1. Residues of region 183-222 being closer than 17 Å to residue 154 by Cβ and within 19 Å of the chain's Cα centre (by Cα), which ones?
2. For residue 193, work out the one condition from (1) on the phi < 0 side of the Ramachandran plot; (2) touching a residue at least 60 places away in the same chain (Cβ under 8 Å) it doesn't fulfil.
3. For region 220-230, check the following and say yes or no: at least one residue is within 19 Å of residue 31 (Cβ to Cβ) and at pLDDT 90 or above.
4. Looking at 68, 63, 51, which is the one that is surrounded by 21 or more Cβ atoms within 10 Å (Cβ to Cβ) and at pLDDT 90 or above?
5. Among (1) part of a helix (DSSP H, G or I); (2) under 28 Å from residue 25 (Cα atoms); (3) modelled with pLDDT of 90 or more; (4) in contact with a strand residue (DSSP E or B) (Cβ under 9 Å, 6 or more places away or on another chain), which single condition is residue 233 missing?
6. With region 242-295 as the region, which strands (runs of 3 or more DSSP E) entirely inside it contain at least 2 residues that are more than 23 Å from residue 230 (Cα to Cα)?
7. How many residues are in a helix (DSSP H, G or I) and either closer than 20 Å to residue 102 by Cα or in contact with a helix residue (DSSP H, G or I) (Cβ under 9 Å, 6 or more places away or on another chain) (or both) if we restrict to region 185-223?
């Protein structure tokens, strides 16, 4: 199997946290989004990974070489922003006849048993993983009849379906799928100048290919600050890790405190993750993400995200602060 991970997006909805880093390297519940995703893919065994990166993709390469040195990885630079289908097509030189494909977009951490792929796809050509949602108007949805997808509708006005596409796709014949991508690009089938995967899948369906829409167990969006905090809460459920140093402090589970963190005279939790080498003193912090090497003192924080090497001394309630910021509040 070849696993394609398009990670070239700029992550504009997550700014300021993506000004200095790739969006897949933003942290949630003690790990980067990319680490959460790749860790879930390891259940599939040894396969090749193809990363579609931008000009700053050296961050992705260095991260993978450090955290997953035994994986076989290829890196392809997307020079032009021509949409997700174009990004996936850039993996084509690494796809040979007989390859099956898994495509994973990095805005989403999924919870699903991928070892069931062979069984689910036994009588089908592909799987478009989905999740039933209430706010179907925000998503592209799959319309299913007799177990198979017959139509895909982008942001429907009426509830033709509540099965939203989650950015996780399996194609049994990867080489053939690349051929459909090539057709779509050659015929310039775009929306506002970009190529999207539903147009490719609908070509397959019209040609008689059978695509199914299995539901994942959980769909954890990491694409914007408020959903990143929701995902942090979800992933911390049932987990309570403290590898740091506590002095005269109280932890309210669940929290994740990494190695090298020092917490003094503070109340931390619930739903707080604090990354390596941060120092917390005289604080009350709940429902927040604090990244590496930050210094937080005499602050009450809730529903906040602080980047790497942030200094906040004073008094505040809610923040969304990027890397290397320094905030000091005088009384």
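The values are calculated or read from the model by the stated rules, or taken from the named source; none is laboratory data. Bear in mind that the values here come from a model prediction, so they are computed numbers and not experimental data. For neighbour counting, all protein chains shown are included, and Cβ atoms are generated from backbone atoms with ideal geometry for every residue, glycine included.
1. Within region 183-222, 196, 197 meet the criteria.
2. (1)
3. Checking region 220-230: at least one residue is within 19 Å of residue 31 (Cβ to Cβ) and at pLDDT 90 or above.
4. After applying the criteria, what remains is 51.
5. (4)
6. In region 242-295, 245-247, 262-264, 279-281 are the strands (runs of 3 or more DSSP E) which contain 2 or more residues that are more than 23 Å from residue 230 (Cα to Cα).
7. First, pick out the residues of region 185-223 that are in a helix (DSSP H, G or I): 185-186, 197-206.
Imposing the further condition that a residue be either closer than 20 Å to residue 102 by Cα or in contact with a helix residue (DSSP H, G or I) (Cβ under 9 Å, 6 or more places away or on another chain) (or both) reduces the set to 185, 197-205.
So the count comes out to 10.
Listed here are the residues, each with its yes/no results for (1) out of contact with any strand residue (DSSP E or B) (no Cβ under 6 Å at 6 or more places or on another chain); (2) assigned by TED's automatic domain parsing to the domain that holds residue 166.
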| residue | (1), (2) |
| --- | --- |
| 217 | no, yes |
| 246 | no, no |
| 251 | no, no |
| 259 | yes, no |
| 267 | no, no |
